[in-house]
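The values are calculated or read from the model by the stated rules, or taken from the named source; none is laboratory data. Just so you know, these numbers come straight off a predicted model, no measurement behind them. All Cβ positions, even for glycine, are placed from backbone atoms using ideal geometry, and neighbour counts span all protein chains on display. Keep in mind that these areas ignore ligands, DNA and RNA; they rest on the heavy atoms of the full protein, side chains included. Shrake-Rupley method; radii C 1.70, N 1.55, O 1.52, S 1.80 Å.
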Amino acid sequence: MTVCDEIRTTLLGGRALDAESARHLATCPRCGGDEAAVRLLAAYAVPPPPSAARVLAAAAPLLARHARQAAWRTLGRVIAAALIPLPVILVADFYLVRAAYGVLQTLLPHALSLYVVFNYAATLTLVLALTYAMIPIVAERQMRLRREESRA
């Protein structure tokens, strides 16, 4: 920062000049020419910035709407990512249950092998249903934790 810039900043701030700066102002044609304009600018009162609470209160509806939209987008992505491998899992489980039934039929009586395979299929269905039912709950909790971290 040059001496001229420092003098203009002092004048713009409305502060008094020291003796050396006053001498420079009297001798420098650039500073002398700018003095009137800088003092005129310094005379205008700058409004105080709005308080943070007022700004947040004014922006709260917009922020809430964007947060809801982001939450729905995130939830949609999570559910889509979870549903993509589901057909592969179901096909693999179908062939696994069918193969297990074929093996068990050779080792056990027909009714017992059917009972074992049916219980395995029912347990597998319950596990998949509970797993996929938990996805939105876990995603919502992670989004809530992310929001709390961003506020801190």
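Annotations
- Test: residue in region 29-36 that is without any contact (Cβ under 8 Å) to a residue 24 or more places away in the chain, open to solvent by less than 70 Å² (accessible area, probe 1.4 Å) and touching a helix residue (DSSP H, G or I) at 6+ places or on another chain (Cβ under 9 Å): yes
- Boolean, residue 70 is under 30 Å from the mean Cα position of the chain (by Cα), open to solvent by less than 60 Å² (accessible area, probe 1.4 Å) and at negative phi: yes
- Within region 107-141, tally of residues that are farther than 20 Å from residue 85 by Cβ and either surrounded by 13 or more Cβ atoms within 10 Å (Cβ to Cβ) or touching a Lys or Arg at 6+ places or on another chain (Cβ under 7 Å) (or both): 8
- Only one of 20, 35 that is among the acidic types (Asp, Glu), at pLDDT below 80 and out of contact with any Gly (no Cβ under 9 Å at 6 or more places or on another chain): 35
- Condition check for residue 3 on (1) among the aliphatic types (A, V, I, L, M); (2) open to solvent by less than 50 Å² (accessible area, probe 1.4 Å); (3) more than 42 Å from the chain's Cα centre (by Cα): one failure, at (2).
- Within region 73-97, residues that are in contact (Cβ under 8 Å) with a residue 24 or more places away in the chain and in a helix (DSSP H, G or I) have Cβ atoms under 8 Å from residues that are among the aromatic types (Phe, Trp, Tyr) and open to solvent by 60 Å² or more (accessible area, probe 1.4 Å) in these pairs: 97/120, counting only partners at least 6 apart in sequence or on another chain.
- Verdict on residue 42 being among the hydrophobic types (A, V, I, L, M, F, W, C) and either more than 30 Å from residue 16 (Cβ to Cβ) or open to solvent by 60 Å² or more (accessible area, probe 1.4 Å) (or both): no
- Yes/no for residue 66 being modelled with pLDDT under 80 and part of a helix (DSSP H, G or I): no
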